[in-house]
Every structure is written in structure tokens, then in C-alpha cells.
Amino acid sequence: MAFDEQKQDFKVLGTRPDRPDGLDKVTGKARYGADAYIPGMLHGVIVRSPHAHARIVKIDASKALAMKGVKAVVTRADFAEGQTGEDWNVMENCMAGEKALYDGHAVAAVAATSALIARDAAKLVEVEYEVLPHVTEVNAAMAEGAPVIREGAADYSVPEGMHPNVVRYIEFGHGDVEKGFEAADVVREQTYATEATHQGYIEPHACLAQMGADGRGEMWVCTQGHWFIRRMSAVCLGIEVSKLRVTPSEIGGGFGGKTTVFIEPVALALSRKANRPVKMVMTRSEVLRATGPTASASMDVKIGMTKDGKMTAGKAVFRMQGGAFPLAPVDSALACAFACYDIENVQHEGYDVMSNRPKNAAYRAPGSPMAAFAVESLVDEMCRELSLDPIEVRLMNAAKEGTKSSSGPTYPRIGLVETLEAAKAHDHYSAPLGPNQGRGVASGYWMNWGGETSVSLALSEDGSVTVSVGTPDIGGSRASIAMMAAEAMGIAYEDVRVNVVETGALGVNEPTHGSRATFASGLATIKAANEAIGKLCQRAADAWGIDAEAVVWEDGHAKPSGPNAGEFPPMSIGEICAEMGSTGGPISGHFEATPNGYGGSFGTHIVDVEVDPETGRTTVLRYTVVQDAGKAIHPAYVEGQFQGGAAQGIGWALNEEYIYGEDGRLQNTVFLDYRVPVASDLPMIDTVIVEVPNPGHPYGVRGVGETGITPPLPAIANAVAEATGARLRSLPMSPPRILKAMKG
């Protein structure tokens with residue numbers, strides 16, 4: 001259902017047309033990464049370290065190379081040298097240099113005429129290791145005496161005396177927190193923890209790479225951002241980016257995890273060495289062991305509150321490990337921590353910590369779910385202690401237009417208050433509960449993103465429109481962009497086709513991440529449509545012998561702006577395009593920019609759970625997502641994003657976690673052991689679309705893909721606390737942990 005804050009007069013936007021990729025996907029015609037094929041291609045397999053931390057003494061591939069059908073073996077020596085900073089980190093993660101830094105770290109790769117031969121040959125690659133001490137937990141990695149992952153990895157921000165595994169230190173805030181705590185009636189401080197979880201996409205990473213003798217290459221990849229893949233692969237091979245062309249396939253899920261490279265540079269290196277195309281497809285075990293999960297976190301939160309619920313101060317100290325490399329999302333976690341609240345005094349501290357785990361990758365609002373779990377759990381604890389309504393307290397403290405955010409900037413128009421009011425008015429919030437049942441509420445935030453964007457729009461002779469975009473469709477953006485193009489051009493949705501094109505067809509496009517695709521590519525499409533409309537009006541003006549300024553565009557037709565412009569019958573887009581070859585040539589529109597008008601998105605979730613007192617099993621009974629979409633271009637897709645975020649958050653809260661043994665090896669490397677929610681674990685998830693238009697977009701669009709995963713963790717924890725009387729401050733809340741907490 002929809003909670004309309006402001007109605008706008010749209011003809012196409014807000015409707016629910018069929019998805020343009022639906023038929024191909026349900027009939028099996030759509031081509032995913034593993035469907036790519038070239039005659040004569042080889043199959044690549046990676047040799048991975050069985051140790052969490054080990055020096056690579058020697059690699060002997062002679063036995064593998066002696067096998068019939070084996071065409072190439074690569075190690076770190078076959079890649080470029082001299083990278084620094086994040087380029088070095090990416091290269092090191094794709095292929096280990098002096099040391100293997102985590103269980104599953106790539107140390108070599110084999111290409112052969114069949115996948116079976118390649119797998120057998122990989123087993124024959126002999127690697128001599130010197131096993132080193134390891135550490136996989138964030139607090140342990142910071143402790144005195146912890147094994148050092150890599151000396152000299154810390155940047156200038158780290159205070160003197162910190163362990164070398166601490167590679168970044170972040171501090172910011174405003175006001176006087178000590179003064180704020182003194183003004184409070186109640187001050188509470190707690191420590192919370194979350195384990196690393198994986199994005200859990202169904203499609204494993206896959207690519208097909210071809211590197212020619214002329215030094216030029218092509219790649220077909222399942223990715224969220226093929227320009228990023230091109231740049232990172234070129235860096236790893238030491239070639240110019242113009243030498244590579246990358247084409248994206250359909251994608252079977254990404255959620256942030258397919259914005260970087262893992263096997264792509266390896267496939268290119270094998271192809272260059274073998275002089276044959278090479279295809280690589282990861283197994284599920286490889287995906288879980290060696291591709292980016294999110295970070296794990298240890299978090300201290302302190303809040304001051306008056307007896308009536310007014311927050312006077314907030315402090316957050318977050319420690320996050322992002323694997324054996326810098327750039328855990330501690331900065332974005334801190335920025336989101338108190339983002340929902342107008343607090344006069346706030347302080348944030350963050351520690352980016354390395355451990356012997358795979359390099360973390362983005363996962364849907366990276367950092368924000370962990371921050372929300374800590375802050376929203378403590379807010380709920382204090383509401384219960386003071387016998388205050390949790391939504392009323394959030395409304396009292398809610399950030400709104402003009403609020404100085406906890407991270408610094410002043411908010412433009414935002415919709416948090418509207419989501420809270422819609423949640424409070426929903427019948428779910430006042431529904432009765434039964435025995436062993438509890439209800440939880442939490443809010444969450446993601447800042448959204450703009451990023452480099454380039455779009456072309458071309459008109460056909462029949463007046464139909466083709467839009468070329470560079471943002472892969474991972475959540476319905478083709479439909480949304482087609483709808484915005486149709487709205488702008490005044491034509492039918494069915495007359496617009498959106499193509500996701502390869503890297504040679506447009507200028508640079510950032511990946512589909514940061515909730516940016518519908519916002520940024522949509523804005524660029526509207527601008528490109530306006531350029532094309534200007535040309536259409538000019539053609540009509542030329543035909544009528546009047547100035548272009550005297551022509552207006554309405555409902556897909558050029559019309560005189562008024563009686564003074566002359567009496568001419570409207571010219572349709574089809575009529576103008578039918579003659580464009582003889583009136584000046586093709587008509588198109590183009591736009592490129594880095595849009596900065598993106599607006600943050602807020603959401604509030606309500607969840608009911610029932611906890612079995614004998615087994616500790618939690619059943620999610622009812623779930624309602626309320627979120628501000630700015631403007632829901634295609635409401636069905638928006639609802640799907642809301643529901644998907646809630647489903648993944650439920651898994652994170654109750655079951656999902658990376659489990660490492662004492663040997664530093666990942667123990668749950670398949671979906672049988674890494675437990676993602678299935679249909680029987682989930683209720684029907686209700687959605688409420690709030691529409692508070694984003695002033696930075698012509699149609700008011702806000703990104704919606706990421707905010708939905710931020711409230712579930714604390715909302716479920718708050719519900720479990722009410723159902724059991726026991727507060728769990730560490731995720732996941734698996735049955736054994738719940739039983740232990742109840743008994744404790």
C-alpha cells in the first residue's frame with residue numbers, strides 16, 4: 001500500500017508495466033556470466049591456499065603442465081608490478097604474492113581444455129608453505145601480541161602506539177558530548193557485535209576473457225560495474241584501459257559483492273599466456289571462502305536521554321575488520337550510526353582493522369546495518385527502561401529538513417518523520433501479541449550516491465526510443481529508466497527500449513551501487529530526453545518556418561506555443577522522425593555528469609516474532625517495511641527492494657555468519673552450512689511506500705536498494721528481547737545463543 005505525502009501528476013511513473021527482461025528470464029533465453037562461450041576456449045581453475053596465513057616458499061607447476069590438455073599456469077609473476085594503494089590491495093587479493101593471507105587466497109591458476117582437466121591439474125600444482133600465526137577476530141587482531149598481517153599498511157590517521165593491524169582511525173562529531181551526558185537523566189552504554197555475512201547471490205562469479213597477441217582484450221562478465229572491472233583488470237595486467245572492452249551479462253544477484261574483481265584479471269592473464277580464450281566459473285565454496293563478505297564489527301555505543309525521551313548526547317566507537325586489507329566500511333557505519341536523530345552532541349571513533357580473512361566487499365548499505373543494530377538496540381533498551389513508546393521517542397528526536405546530521409552536512413528535505421508516522425498508523429503496530437511473542441521497531445538510513453554517469457538516447461524512424469546506459473540492471477533499472485524516458489518524451493512505455501551497453505559505447509559509468517542507478521542514470525536519461533526534445537522542436541519549427549522558442553513539446557507532439565506562433569497542426573514524434581533523414585539527420589540526446597543531488601533514504605520497520613522457549617528457535621510472524629522512496633517509479637520493483645532487504649536482514653539477524661575454526665579455515669563453505677533464509681523461513685512482508693520527493697531529482701527519486709537492510713537487525717533483536725526477556729547484543733541470534741541468554 002502507499003502512504004502519499006505529495007501527489008504529482010504523472011502519466012507513466014507510478015504504474016506497474018511488465019518488466020522488459022521478464023520473458024527472457026522465465027524462458028531461459030537470458031544469458032548470464034556462465035552462459036558465455038567462444039569456440040576453442042579453455043577453462044580456468046584457481047589453486048587456493050589451505051592456510052589462513054602462510055609464506056609462499058615455492059610453487060612447482062611442472063606436473064600440472066605435463067598433463068595433456070593443460071595450456072597455461074600463472075602465478076603472481078605473470079601480473080604487473082609496481083601497484084600501490086588500493087590497486088596493490090586488489091592485485092594481492094586476486095593473486096597472492098609473498099604470502100597467503102587467508103584460507104582460500106589464490107596462489108596460482110591453471111587453464112586447460114576442459115574444466116575437469118583443469119581441476120585435476122590444479123591439484124598437481126605443488127606449493128610449499130611456511131605456516132604463520134593467524135588472527136580472524138577484530139578485537140583479537142587489535143590486541144597486543146596479535147600476529148601482524150602486513151607491516152606498514154597503516155595510514156597517517158592511526159594514533160601512535162596502535163597495533164600494526166589497525167590501518168585507519170576515524171574521528172568526527174559536533175557539540176560537547178560530556179556536557180550532553182551531564183544533561184541527561186539516564187546514560188547507558190553497551191557493547192554490540194555482528195559477524196561477517198555474505199551477500200548470498202545465487203549466481204557465482206563467472207567471466208570469459210580473451211587476450212589477443214596485439215595486447216587487446218575482451219571480457220564478458222557478470223558484474224555490477226564493467227568500467228570498474230575494466231580499470232582494475234588493466235591495472236593488474238599492466239595495460240592501458242583502452243586495450244580492454246568489457247560487456248556485462250545478466251546478473252543473478254550482486255548486492256554490492258560484484259563491484260570488484262576476483263577472477264577476472266586471472267582469466268585475462270591465463271588467456272594472454274595460453275593465447276586462447278579462458279572461461280572461469282567459481283564454485284560456491286570459492287565464493288564463500290574467497291569473495292568479499294561484509295565486515296564483522298565490535299561496537300560500543302553510549303546514549304544520554306532525559307526521562308521524557310529526548311536524546312542529549314551520543315557516542316559511538318566502532319571496530320571493524322575487512323579482511324587482510326584496509327577499507328572496512330567503518331567510515332560509512334559511523335556516518336549512519338546516529339543519522340536518524342537530531343542530537344546536539346555526538347562523537348564518533350572508528351578503527352579499520354586487518355585480519356586473516358578475505359577482502360571485504362560492499363554488501364547493501366555497507367556498514368549501516370551493523371551501526372543500526374548497535375544504536376537502535378540501545379535506543380530500544382532505554383525506551384523499555386523508561387517505559388516510553390519507541391516510535392514516539394524516535395519522532396521526538398527525528399532528523400528532518402534543516403537538521404545538522406551527525407556526520408556534518410545539513411539535511412535537505414527527507415522523509416524519516418513520515419515513515420515513523422506511517423508506521424505508527426499501521427494496524428501492525430497496535431495488533432495484539434500472544435505468548436512468547438514480541439514486537440520490535442527500528443529505523444535505518446543510507447546516504448545514497450551519484451557517481452560518474454553517461455547516457456545516450458536515440459530516436460528511430462518510427463518515433464520509438466532506445467536508451468543506452470552503463471549501469472547493469474540488478475533491481476529493475478531498465479524498467480524504471482524506460483518509464484522516465486517515456487514520461488519525459490510523452491510517449492508510451494512500450495515505445496522505449498533500454499540497453500545496458502559495453503564499455504566502448506559510452507563514457508565512464510560507476511557501477512550500480514550506492515542506490516545510484518535509478519537516481520543517476522534516470523536523471524541523465526531525463527536530461528538526454530530534454531536534449532532530444534529540443535532537436536525535435538527545432539525540426540518542427542523549421543518545417544513551420546517559425547522560431548524554435550515558439551514551439552512546445554506536449555504528450556509526444558510538437559505544438560505552437562500559442563496563437564501568436566501560428567496555426568499549425570501538432571506534429572507527432574513519429575511524423576518528425578519519419579522525415580529526419582531529409583531534415584537534418586538522426587536525432588539523439590546525450591548527457592554525462594556526476595550528479596550530486598542524491599538524497600538520503602530513511603525507513604522504519606515493524607516485526608513480530610515468536611521464540612520457542614524450549615528450542616530457542618525464532619519464527620518471524622509478521623513484517624512491515626515503511627520506507628521513503630522519494631518517488632516510486634515502478635512501485636512493484638520498489639516493493640521488491642523493500643522485501644529483499646528485509647529478507648536478507650532477517651537472515652543476518654537470526655542465522656547467517658562466517659564461522660572460522662581454530663586453524664583459521666572457514667567451516668561453513670556451502671549453503672547447507674551457511675544458512676540463508678528460504679521461503680519457509682519468511683512471512684509475507686508488507687510494504688508501505690512513503691513518497692517525500694528528493695529535491696535533487698526532476699521526478700523526486702531517491703535510491704531504495706540499500707536502506708531496507710539497515711533496520712531488520714535491530715528490529716528483530718528488539719522483538720526477541722520482548723519475547724524472551726533476554727537482550728542479545730551479538731548477532732546472529734541463533735537458537736543456542738537465545739537459549740543461553742534466556743537461561744542466563
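The values are calculated or read from the model by the stated rules, or taken from the named source; none is laboratory data. Being a predicted model, the structure only gives us computed values, none of them experimental. Cβ coordinates were reconstructed from backbone atoms using ideal geometry, including for glycine residues, and neighbour counts include every protein chain displayed. Calculation scope for accessible area: heavy atoms of the full protein, side chains included, ligands and nucleic acids excluded. Shrake-Rupley method; radii C 1.70, N 1.55, O 1.52, S 1.80 Å.
For segment 252-399, the alpha carbon convex hull comes to 135 Å³ per residue, rounded to a whole number.
If r is the Cβ-Cβ distance from A213 to L116 and R0 is 25 Å, what FRET efficiency results, to the nearest 0.05? If you can, show how the numbers build up before the last one.
Details: r = 28 Å, r/R0 = 1.12.
According to the calculation, E is roughly 0.35.
Let me see the pair-distance distribution of segment 132-258: every alpha carbon pair, 5 Å bin width, integer percents in order. For segment 132-258, the binned pair fractions read 2, 8, 11, 9, 9, 12, 14, 13, 8, 5, 3, 2, 1, 0, 0 percent.
Dividing the alpha-carbon radius of gyration of segment 18-65 by 2.2 N^0.38 Å (N being the number of residues), what value is obtained?
Values: Rg = 20.0 Å, N = 48, 2.2 N^0.38 = 9.6 Å.
Relative to the 2.2 N^0.38 Å estimate, segment 18-65 comes out at 2.09.
I'd like the per residue volume of the convex hull spanned by the Cα atoms of segment 447-601, given in cubic angstrom. Intermediate results must be reported in sequence, preceding the final value.
Values: hull volume 17.5 nm³, N = 155.
Given the Cα convex hull of segment 447-601, per-residue volume reads 113 Å³.
Given the pairs K307/K740; K123/K279; K258/K302, which span a C-alpha to C-alpha distance of over 24 angstrom in this model? With Cα atoms farther than 24 Å apart: K307/K740; K258/K302. For segment 296-304, putting each phi into the Karplus relation 6.51 cos²θ - 1.76 cosθ + 1.60 with θ = phi - 60° gives couplings of 9, 9, 10, 9, 9, 10, 10, 9, x Hz, in residue order, rounded to whole numbers and with x for Gly and Pro. Neighbours of W88 by Cβ distance under 15 Å: Lys/Arg scored +1, Asp/Glu scored -1, total -2.
Viscosity 0.692 mPa s, temperature 37 °C: Stokes-Einstein D of segment 1-131 from its Kirkwood Cα radius, in µm² per second?
Details: Rh = 18.6 Å.
It comes out at roughly 177 µm²/s.
Computed from label points 7 Å out along Cα-Cβ, the spacing between L395 and N596 is 3.7 nm. Taking one quarter of the surface of the C-alpha convex hull of segment 613-744 gives a mean projected area of 10.3 nm². A simple rule links phi to the HN-Hα coupling: the Karplus curve 6.51 cos²θ - 1.76 cosθ + 1.60 with θ = phi - 60°, which for segment 111-116 gives 10, 9, 6, 9, 5, 5 Hz, with x for Gly and Pro.
Semi-axes, largest first, in whole Å: what does sqrt of 5 times each Cα gyration tensor eigenvalue give for segment 657-725?
On the way: eigenvalues 234, 74, 37 Å².
Equivalent-ellipsoid dimensions as semi-axes: 34, 19, 14 Å.
Counting pairs of Cα atoms in segment 309-362, how many percent are more than 12 Å apart? Could you put the intermediate results ahead of the total?
Values: 927 of 1431 pairs.
Summing the P(r) of segment 309-362 above 12 Å gives 65 percent of all pairs.
Leaving out ligands, DNA and RNA, and with a 1.4 Å probe, what % of the accessible surface on the chain is carbon or sulfur?
On the way: 13930 of 27700 Å².
Ligands and nucleic acids excluded, carbon and sulfur reach 50 percent.
Over segment 508-566, the fraction of Cα-Cα pairs per 5 Å bin, rounded to whole percents and listed from the shortest bin up, is 4, 18, 21, 15, 10, 8, 10, 7, 4, 2. Using bins of 10 Å that start at zero, the share of Cα-Cα pairs per bin across segment 206-273 amounts to 24, 59, 17, 1, in whole %.
Taken per residue, the accessible surface of the chain reaches 37 Å², heavy atoms only and a 1.4 Å probe.
Taking label positions 7 Å along the Cα-Cβ direction at both D673 and K243, the computed distance is 4.1 nm, reported to one decimal. For S734, neighbours were defined as the other residues whose beta-carbon sits under 11 Å from its Cβ, and their charges (Lys and Arg +1, Asp and Glu -1) total +1. Hey, rough spin-label estimate for Q190 and S588, points 7 angstrom out along Cα→Cβ, what's it come to in nanometres? With each label placed 7 Å out from Cα toward Cβ, I get 5.7 nm.
When the P(r) is computed for segment 433-487, the part past 20 Å accounts for 52% of the Cα-Cα pairs. Its convex hull of Cα atoms gives segment 101-165 a direction-averaged projected area, equal to a quarter of the hull surface, of 6.6 nm². In sequence order, segment 124-131 has phi-based couplings of 8, 6, 8, 10, 9, 10, 10, 5 Hz under the Karplus curve 6.51 cos²θ - 1.76 cosθ + 1.60, θ = phi - 60°, and Gly or Pro positions carry x.
State the extension gain, in nm to one decimal, for the chain segment bounded by H174 and V131, taking 0.36 nm per residue of separation less the distance between their alpha-carbons. Extra length available between H174 and V131 comes to 10.8 nm. Computed from the alpha carbon atoms alone, the convex hull of segment 546-612 holds 290 Å³ per residue. Once backbone amide H atoms are built at 1.01 Å from N, V690 has F3, Q627, D628, A629 as its partners under 5 Å, excluding neighbours fewer than 5 places away on the same chain.
Mean residue ellipticity at 222 nm, helices only, the chain: -8000 deg cm²/dmol; runs of at least 4 DSSP H residues each add -39,500 (n - 2.57), and the sum is divided by the number of residues. With equal scatterers on the alpha carbons only and no solvent term, can you work out the Debye log10 of I(q)/I(0) for the chain at 0.05, 0.06, 0.08, 0.10 1/Å? For the chain, the Cα-only Debye profile gives -0.27, -0.39, -0.68, -1.03. Size descriptor for segment 57-212, Kirkwood hydrodynamic radius: 20.3 Å (Cα pairs only, one decimal).
Starting from the coordinates of the alpha-carbon atoms of segment 557-684, obtain the Kirkwood hydrodynamic radius over all distinct pairs and give the value in Å to one decimal. Let's see the in-between values first.
Working: mean 1/r = 0.0474 Å⁻¹.
That comes to 21.1 Å for segment 557-684.
Peptides 251-260, 132-141, 382-391, 316-325 ranked from most to least packed, by the mean per-residue count of other Cβ atoms within 10 Å: 316-325, 251-260, 132-141, 382-391.
Compute the length gained on full extension between M684 and N530: take 0.36 nm times their separation in residues and subtract their Cα-Cα distance, giving the result in nm to one decimal.
Values: separation 154, 0.36 × 154 = 55.44 nm, distance 4.11 nm.
That works out to 51.3 nm of additional length.
Partners of K535 within straight-line reach, counting lysines whose Cα lies under 29 Å from its Cα and excluding those fewer than 8 residues away in the same chain: K11, K527, K559, K631. For K29 and M162, the difference between the fully extended length at 0.36 nm per residue and the C-alpha to C-alpha distance is 42.4 nm. What translational diffusion coefficient, in µm²/s and rounded to a whole number, does the Stokes-Einstein relation yield for segment 363-453 at 25 °C and a viscosity of 0.890 mPa s, taking the hydrodynamic radius as the Kirkwood radius over Cα pairs? For these conditions, the coefficient is 161 µm²/s.
Of the beta bridges in the chain, as assigned by DSSP with both residues counted there, near 75 percent are antiparallel.
So what is the diffusion coefficient of segment 238-296 in µm² per second by Stokes-Einstein at 10 °C and 1.306 mPa s, using a Kirkwood Rh over Cα pairs? Provide the component values of the computation, followed by the final result.
Details: Rh = 13.6 Å.
The calculation lands on 117 µm²/s.
Dipole magnitude of the chain about its Cα centre, charges +1 at Lys/Arg Cβ and -1 at Asp/Glu Cβ only, in debye to the nearest 20? Don't skip to the answer; put the middle values down first.
On the way: 66 positive and 90 negative charges, 432 e Å.
Using Cβ point charges on Lys, Arg, Asp and Glu, the chain gives about 2080 debye.
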